[in-house]
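The structure appears below as structure tokens.
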Amino acid sequence: MEWANQLCENRQFGSKMTDSKYFTTTKKGEIFELKAELNSDKKEKKKEAVKKVIASMTVGKDVSALFPDVVNCMQTDNLELKKLVYLYLMNYAKSQPDMAIMAVNTFVKDCEDANPLIRALAVRTMGCIRVDKITEYLCEPLRKCLKDEDPYVRKTAAVCVAKLHDINAQLVEDQGFLDTLKDLISDSNPMVVANAVAALSEIAESHPNSNLLDLNPQSINKLLTALNECTEWGQIFILDCLANYTPRDDRESQSICERVTPRLSHANSAVVLSAVKVLMKFMEMLPKDLDYYSTLLKKLAPPLVTLLSAEPELQYVALRNINLIVQKRPEILKHEMKVFFVKYNDPIYVKLEKLDIMIRLASQANIAQVLAELKEYATEVDVDFVRKAVRAIGRCAIKVEQSAERCVSTLLDLIQTKVNYVVQEAIVVIKDIFRKYPNKYESVIATLCENLDSLDEPEARAAMIWIVGEYAERIDNADELLESFLEGFHDESTQVQLQLLTAIVKLFLKKPTETQELVQQVLSLATQDSDNPDLRDRGYIYWRLLSTDPVAAKEVVLAEKPLISEETDLIEPTLLEELICHIGTLASVYHKPPSAFVEGSRGVMHKRLPARTGSGESTESPDVGTAAGGSAPEAAPSIIPSQGDLLGDLLNLDMAPPTTSGPPPPTTGMQMGGMDLLGGGLDSLLGGDIGGSPAMGAGFGAAPAVMPASLNAPVGGGLGDLFDLGGVGMPMGAYIPPKIVWLPAMKAKGLEISGTFARRAGVIQMELILTNKAMSVMTDFAIQFNRNSFGLAPAGPLQVLTPLGPNQTIEVSLPLSTVGPVMKMDPLNNLQVAVKNNIDVFYFSCQYPISMLFVEDGKMERQVFLATWKDIPNDNESQFQIKDCHLNSDAASSKLQGSNIFTIAKRTVEGQDMLYMSIKLSNGIWVLAELRVQAGNPNYTISLKCRAPEVSQCVFQCYEAVLKN
Amino acid sequence: MIGGLFIYNHKGEVLISRVYRDDIGRNAVDAFRVNVIHARQQVRSPVTNIARTSFFHVKRSNIWLAAVTKQNVNAAMVFEFLYKMCDVMAAYFGKVSEENIKNNFVLIYELLDEILDFGYPQNSETGALKTFITQQGIKGQTKEEQSQITSQVTGQIGWRREGIKYRRNELFLDVLESVNLLMSPQGQVLSAHVSGRVVMKSYLSGMPECKFGMNDKIVIDKAGKGGVTDEVGKSDLGGGGSTSGKQSIAIDDCTFNQCVRLSKFDSERSISFIPPDGEYELMRYRTTKDIILPFRVIPLVREVGRTKLEVKVVIKSNFKPSLLAQKIEVRIPTPLNTSGVQVICMKGKAKYKASENAIVWKIKRMAGMKESQISAEIELLPTNDKKKWARPPISMNFEVPFAPSGLKVRYLKVFESKLNYSDHDVVKWVRYIGRSGIYETRC
């Protein structure tokens, strides 16, 4: 408040009043005094009083009590005073709606004033007063102002429509203001056009499905003309609006691009970025072999680089956007590495962003320069920046193989500095380098071990423990090192605990004789003394593995790890596409879709890059933005099946960078000696624990149930459980198998999809349950499959006719045909599906039982069968065991028949039934089978012969599934 | 769009608060103060998201300007607007300081009402604003005057009013370049670029149509091929510089004031415009090729034991001997634990400034093709700090009377068809100044 008083003194009363007079007045007195001044006859005094009121308002003081007195000052020909009163009104009208109505007459009168500046001022202010009664009175003046002869009034009225829409959308529609606003797009004055575009764009955002903007080649042409003439801000509004348009073909796209490119030379960075957005988007539609396409690519680089000489805040916005552009089109800036070199005086936020882009642009061609720079940065003062620089060196090693050696030696140099956080960061990245280049740089382990004591961050400790465990056989005192960590086990973070558990198990498997005590210690720490379910579960799994089948344990724990990918922190492709459509905006700064930070209906609409339509479509274009229809692109992220997760977990990949998924090939090398390795130690330990630990029964939920199961289960059964999880959802022949969740709601913005496949009367059906677990209604469902092994494709559209409300569930059955495009999948029966709704496109993959494809006319003639069986080479025969099946051969035969597996002949030899069967797949492939059933033996043997032996595994799975149900 | 705009002093007290959107409340004012101005940590980003509200801020001396929004606004536009806002305020009342803001708060509110409507930036050219936001009221304006104002504010040429008259038509062109360098200790150029500006002061009557030409490689090559050389001959404005041999320069990129017709530049690469009255920036450009680096710094740092550093720095000037560089300053960073420094230099004055952790060596003037050196002994206090000294780069400041990029103005033609003065009657002045930007050599 002091300055508010001071303020007025400075301006007017410096000599007339004293400070003390203000400071001694009580609040009440002050208001009273102001009231008196506001009602003064002297104009000057009135004006000064209003100024004081505004000053008080600014600092957050409540001066609403003066409302009637201030409003009384409104009718004046002094424009300055009028504006001050208006300012007051905008602030307090909402809290005093009844009194605000007093102002209406003056507003209405002002809207008719001869001076256009006053007309505009009135309509501008009225729109800001959110009081219903005032709003009603606004309609007529607004209608006039929208058609005012003066462009200044029209441009103000255009924005006023948006204001009114924000207060009362219905009223705006009822009064037909939207149409008038649309007409203004053809106004002769460029600023009126720009404001109308801005207002329409905003209104359209809250009506995602309306065709409000109605962009067509004619209106686009008008916008492009206005673009050359309006203010810099107007150009931004128009460009942002243009970016929402989807040209009809590549020709139109090119002609718009040609008219937008001059904007790249504008001094205003926002104009440049918005132009870049339009170009990046429309470029998607241009054929790549077009000359213009490469010209355009070349034109984009210089303005982007120029943005880096703007003020630091804008540089930051530009860099966040360049980060996206580099991911989408690396070719644009690939030669511009140097401009991203960090300057000593750059603000920290600019430095960090530049570093990110440097890593992305690093390639074999520039790696030497980049490394020299990174090494320089690693000696700077800002901790975050130094850490990121060290991490970047590691990334370079992983990305550019030729540089790996140099990177490692640089990292070693940095470790020698003994700067605590540098050492820790270096160890974390060296772990990744080991993952990428196994058996190449392990000579540095000794140096790393020297720094063990200085590590105090979980990530670094975990990385170091991983290294010790992974290379336990080369580190003489690995057991001592790990033991030293074990002392404070319960004080460690989960990450470190998990890692320590795994590392010690690895150590045990490598050096069983010396480390039994250690492994027992860690297993009991993890399972008995921990409240962390992850840790406990992992402890139990290892325990069970070690006690039941050490060979399997070795295969699991010491399995070869999947390669780590070269690029890290890449934005997921669909999100990237969406963000490209939001270049220049907050979304592109946050790298998040608008729905993540904007409330309400705005921003829910997802933007997409257009699809390429041009006639000259080139064949090599893997990165073409896949169309709005959402045909699942190969690169589309599929939800990794649960089995992958579990394996990943067992392989302790929990702290690894993004990996290429897929189960690892089991190690074939050394086999372990079997059970004797364990001695009696573990078994006795296990038994003792179960009996002797009261905590088990008392505190643990699922744990006790797990333990007995592991003890009682036959050897291998437990493992089977572990590995068969992927097959749990495998449906069984004529049965309608249970539906499983394919797409969890968490990963699909609230849409949950579960389903199964069935074959009914010769028609393959995909049966889906869609559940809306989000807060908003879902509509416009559509489905599409990626190419797959058997050409499965939807035979019709997805029939979801009614919108799906929150918490509603709908069952849909989708007939499938087998005439779609074919591509071999792995596994063979994998199906990648894209489901679209009004919110987004979601991708998942599921596996269908191959029995679905067994056609009804699959019964082969006996002779043909015999001939075929002989004809197929023996190499193509595969044999499987079906365990624990208690059916006799006839029951089995009839059960299989239900699933179109036909028995052709039966022979009995020495109490063994031999069934000969044939199957025909929808694509004409024949599979021949011989099933041997021995009375009293629950284990069947099956031999499959087929010209395409890769289907055998799937067919076997069907047998198993059908027979066991 | 922008939901509100606040101005704070360094203590976090609100000086100006204008809310445009209903979704922004008074609590936003406090949220920014608490989370950004009073934040313990150094500011890590110019954009902050607090409780789903985004804050954009820029700082001018110790004044904070913050724009607030809850929508997915055009972030680049918001920052451009905040800068523009500072320019407008500076044009009205000088430096953006707490004192000036308090003294002009009514004016600022009036400006904010005009240049932001419902959070949408409107015409913010000071030339236009000053015609009707005057703090004098609008009494006495005739109808013609009023419509002239409104058509200028909304019109195609929003930056210039009609009816300007000068007795003497005169224009001044300043080519101001800042040359940036990052050099390795071994003298290898890691990165170098010139960012230049062409600033024009025009005192021209009427609505003159101007055409600006420079030795842009693309234009010269085109002209050379086509055999059109008449314009090159008329380079009456050329001069200065040290690059007599070089005919044309490659411009990486340039941006123009909004008065320049961009589509014409894009198609013909000609720069034509109707200039604003008075001083403004016509264009900015950037070059990276064939830059004349006016100085070369050769550092030699030797650590003698743990408590002593020996530093020797040689600077060499690299331009025509007839030209003089001015205001030369070399800044040699010293470690934090420096206890004493002895300096010997042959030219200029050198001083160790403990508060800045640097030896500052100043030379008033230096001709081209000369060299000078400084040597210093730095005594260090023993420390047990494990962290090594980061060795910040040696930086340099200077001013030279030529354009390091080699840019030359070839012509600036003025046409005013309605008034009777021609291109020849206009008095034109051109000046070239090259200054150091970030001119650093690592040591």
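The values are calculated or read from the model by the stated rules, or taken from the named source; none is laboratory data. Owing to the predicted nature of the structure, the values given are computational and were not obtained by experimental measurement. Positions of Cβ are backbone-derived with ideal geometry, glycine not excepted, and every protein chain shown enters the neighbour counts.
Residues in the range A:177-211 that are away from chain B (no Cβ under 12 Å) and surrounded by fewer than 17 Cβ atoms within 10 Å (Cβ to Cβ): 9 in all. Every listed requirement among (1) modelled with pLDDT of 90 or more; (2) among the small types (G, A, S); (3) touching a Pro at 6+ places or on another chain (Cβ under 8 Å) is met by B:S263 save one, (1). Can you find a residue in the range A:229-240 that is closer than 20 Å to A:P610 by Cα, buried (at least 23 other Cβ atoms within 10 Å of the Cβ), in contact with a helix residue (DSSP H, G or I) (Cβ under 7 Å, 6 or more places away or on another chain) and away from chain B (no Cβ under 11 Å)? Yes. For the range B:398-443, filtered to residues that are within 14 Å of chain A (Cβ to nearest Cβ), hydroxyl-bearing (S, T, Y) and in a strand (DSSP E or B), the residue that is farthest from the chain's Cα centre (by Cα) is B:T441.
Would the range A:862-869 turn up any residue that is touching a residue at least 40 places away in the same chain (Cβ under 8 Å), surrounded by fewer than 18 Cβ atoms within 10 Å (Cβ to Cβ), of a type in the set (D, E, K, R) and over 25 Å from A:A758 (Cα atoms)?
Residues of the range A:862-869 that are touching a residue at least 40 places away in the same chain (Cβ under 8 Å), as a first pass: A:862, A:865, A:868-869.
Still in the running and surrounded by fewer than 18 Cβ atoms within 10 Å (Cβ to Cβ): A:862, A:868-869.
Then drop every residue that is not of a type in the set (D, E, K, R), which leaves A:862.
Subset that is over 25 Å from A:A758 (Cα atoms): A:862.
Yes - at least one qualifying residue is present in the range A:862-869.
Filtered by the rule that a residue be within 14 Å of another protein chain (Cβ to nearest Cβ), surrounded by fewer than 22 Cβ atoms within 10 Å (Cβ to Cβ) and under 30 Å from the mean Cα position of the chain (by Cα), the range A:388-417 gives a lone residue, A:K388.
Conditions tested, residue by residue: (1) hydrophobic (A, V, I, L, M, F, W, C); (2) in a helix (DSSP H, G or I); (3) within 12 Å of another protein chain (Cβ to nearest Cβ).
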| position | (1), (2), (3) |
| --- | --- |
| A:I54 | yes, yes, yes |
| A:K61 | no, no, yes |
| A:P68 | no, yes, no |
| A:M74 | yes, no, no |
| A:L87 | yes, yes, yes |
| A:M99 | yes, yes, no |
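Of note, A:E80 satisfies the criterion of being within 14 Å of chain B (Cβ to nearest Cβ), free of Cβ contacts under 8 Å to residues at least 40 places away in the same chain and either over 23 Å from B:Q146 (Cα atoms) or surrounded by fewer than 22 Cβ atoms within 10 Å (Cβ to Cβ) (or both).
Please pick out the residue among B:E170, B:E162, B:E145, B:E98 that is in contact (Cβ under 8 Å) with a residue 60 or more places away in the chain and surrounded by fewer than 17 Cβ atoms within 10 Å (Cβ to Cβ). Don't jump to the end; show me each part of the working.
Working: B:E162 fails: in contact (Cβ under 8 Å) with a residue 60 or more places away in the chain; B:E145 fails: in contact (Cβ under 8 Å) with a residue 60 or more places away in the chain; B:E98 fails: surrounded by fewer than 17 Cβ atoms within 10 Å (Cβ to Cβ).
On inspection, the qualifying residue turns out to be B:E170.
Selection of the range B:1-16 for residues being surrounded by 23 or more Cβ atoms within 10 Å (Cβ to Cβ), assigned to a strand (DSSP E or B) and in contact with a Leu (Cβ under 9 Å, 6 or more places away or on another chain) yields B:L5, B:F6, B:I7, B:Y8. I need the full set of residues from the range A:458-491 which are among the small types (G, A, S) and outside any helix (DSSP H, G or I), in order please. Within the range A:458-491, A:G488 is the sole residue that qualifies. Before we move on, is A:E331 at pLDDT 90 or above and either more than 8 Å from chain B (Cβ to nearest Cβ) or part of a loop (DSSP other than H, G, I, E, B) (or both)? When the stated conditions are applied, A:E331 passes them. Considering the range A:298-334, and only residues there that are farther than 21 Å from A:C581 by Cβ and in contact with a strand residue (DSSP E or B) (Cβ under 7 Å, 6 or more places away or on another chain), the residue that is surrounded by the fewest Cβ atoms within 10 Å (Cβ to Cβ) turns out to be A:P302. Is there a residue being in contact with a Leu (Cβ under 8 Å, 6 or more places away or on another chain), within 11 Å of chain A (Cβ to nearest Cβ) and buried (at least 17 other Cβ atoms within 10 Å of the Cβ) anywhere in the range B:37-55? Yes, because at least one residue in the range B:37-55 is in contact with a Leu (Cβ under 8 Å, 6 or more places away or on another chain), within 11 Å of chain A (Cβ to nearest Cβ) and buried (at least 17 other Cβ atoms within 10 Å of the Cβ).
Of the set (1) under 20 Å from A:V317 (Cβ atoms); (2) at pLDDT below 90, all apply to B:Q41 but (1). Filtering the range B:67-97 to residues that are more than 8 Å from chain A (Cβ to nearest Cβ), in contact with a Ser or Thr (Cβ under 9 Å, 6 or more places away or on another chain) and farther than 19 Å from B:N123 by Cα leaves B:V68, B:K95, B:V96, B:S97.
Quick one: is A:E311 more than 9 Å from chain B (Cβ to nearest Cβ) and of a type outside the set (G, A, S)? Quick ask: steps written out before the conclusion?
On the way: more than 9 Å from chain B (Cβ to nearest Cβ): no; of a type outside the set (G, A, S): yes.
Here the answer is no, as A:E311 does not meet what is asked.
Of the residues in the range B:17-35, at least one is out of contact with any Leu (no Cβ under 6 Å at 6 or more places or on another chain), part of a strand (DSSP E or B), within 11 Å of chain A (Cβ to nearest Cβ) and over 18 Å from A:T585 (Cα atoms).
With respect to (1) away from chain A (no Cβ under 14 Å); (2) under 26 Å from B:V304 (Cα atoms); (3) assigned to a strand (DSSP E or B); (4) in contact (Cβ under 8 Å) with a residue 12 or more places away in the chain, the lone exception for B:S395 is condition (1). Within the range B:105-146, restricting attention to residues that are in a loop (DSSP other than H, G, I, E, B) and modelled with pLDDT of 90 or more, the residue that is farthest from the other protein chains (Cβ to nearest Cβ) is B:G119.
For the range B:294-317, filtering for residues that are crowded, with 17+ Cβ neighbours inside 10 Å and not in a strand (DSSP E or B) leaves 1.
Could you please tell me which pairs satisfy a Cβ distance under 8 Å, a separation of 6+ or placement on different chains, a first residue in the range A:172-198 that is in a loop (DSSP other than H, G, I, E, B), and a second residue that is buried (at least 19 other Cβ atoms within 10 Å of the Cβ) and modelled with pLDDT under 90? Close Cβ pairs (under 8 Å, with a partner that is buried (at least 19 other Cβ atoms within 10 Å of the Cβ) and modelled with pLDDT under 90) amount to A:N189/B:T154; A:N189/B:G155. A count restricted to the range A:888-898 and to residues that are surrounded by fewer than 17 Cβ atoms within 10 Å (Cβ to Cβ) and over 15 Å from A:I919 (Cα atoms) stands at 3.
When you check A:E473 against the structure, is it surrounded by fewer than 22 Cβ atoms within 10 Å (Cβ to Cβ) and farther than 30 Å from A:V400 by Cα, yes or no? Quick ask: steps written out before the conclusion?
Numbers: surrounded by fewer than 22 Cβ atoms within 10 Å (Cβ to Cβ): yes; farther than 30 Å from A:V400 by Cα: no.
No; evaluated as a whole, the condition is false for this residue.
Within the span defined as the range B:147-159, every residue fails to be of a type in the set (A, V, I, L, M) and assigned to a strand (DSSP E or B).
Which members of the range A:565-578 meet the condition of being in contact with a strand residue (DSSP E or B) (Cβ under 9 Å, 6 or more places away or on another chain) and crowded, with 20+ Cβ neighbours inside 10 Å?
In the first step, residues of the range A:565-578 are kept if they are in contact with a strand residue (DSSP E or B) (Cβ under 9 Å, 6 or more places away or on another chain); the result is A:565, A:574.
Hit for the range A:565-578 is A:T574, nothing else.
Just to be sure before I move on: is B:I50 more than 22 Å from the chain's Cα centre (by Cα) and without any contact (Cβ under 8 Å) to a residue 24 or more places away in the chain in the structure I sent? For B:I50, the condition - more than 22 Å from the chain's Cα centre (by Cα) and without any contact (Cβ under 8 Å) to a residue 24 or more places away in the chain - is met.
Only one residue in A:A782, A:A795 is surrounded by fewer than 18 Cβ atoms within 10 Å (Cβ to Cβ), touching a residue at least 60 places away in the same chain (Cβ under 8 Å) and among the hydrophobic types (A, V, I, L, M, F, W, C). Which one?
On the way: A:A795 fails: touching a residue at least 60 places away in the same chain (Cβ under 8 Å).
Within the list A:A782, A:A795, the selection yields A:A782.
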